[in-house]
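The values are calculated or read from the model by the stated rules, or taken from the named source; none is laboratory data. Predicted model, so just to flag it, every value in this text is computed and none were measured. Virtual Cβ from ideal backbone geometry, glycine too; neighbours counted across all protein chains shown.
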Amino acid sequence: MDPIFDTKPQGAFAALLADQDLAHLQKVLRRSLSCDLGGPLLPPSYWRERLGAITRQSHLSHTQIQTVHRLYLYIDAFEAAAAMPEETPDAPTVAAGECASG
């Protein structure tokens, strides 16, 4: 039997992969949650899972951790804004993770 090796990237290569993943997420996460098409392209839970996977994948630098936190805050702000009722008192309440059509 062959021993099972840990195939996680390590060192500088792992840092590079994390940088690339985070740069990609910074671009697409904001666009996905922008509600340009009447709703988020992917739900906030998907983005939380992606960020969690990057965090578990390797040891992140301080700067990378800050980027992850900023993205989590962006998701939190999106969910909080989606959960708040419209300015008008008779407007329907938007459920968390959904965009108001307008």
Exercise. Any idea how many residues of the stretch 57-89 are closer than 13 Å to residue 21 by Cα and surrounded by fewer than 16 Cβ atoms within 10 Å (Cβ to Cβ)?
Worked result: 2
For this session: Determine the pairs where a residue that is modelled with pLDDT under 65, located within the stretch 66-94, has a partner that is assigned to a helix (DSSP H, G or I) and surrounded by fewer than 12 Cβ atoms within 10 Å (Cβ to Cβ) with Cβ atoms under 8 Å apart, the partner being 6 or more residues away or on another chain.
Result: none
Exercise. Restricting attention to the stretch 32-76, and to residues there that are of a type in the set (Asp, Glu) and either in a helix (DSSP H, G or I) or under 9 Å from the mean Cα position of the chain (by Cα) (or both), which single residue is farthest from residue 12 (Cα to Cα)?
Worked result: 76
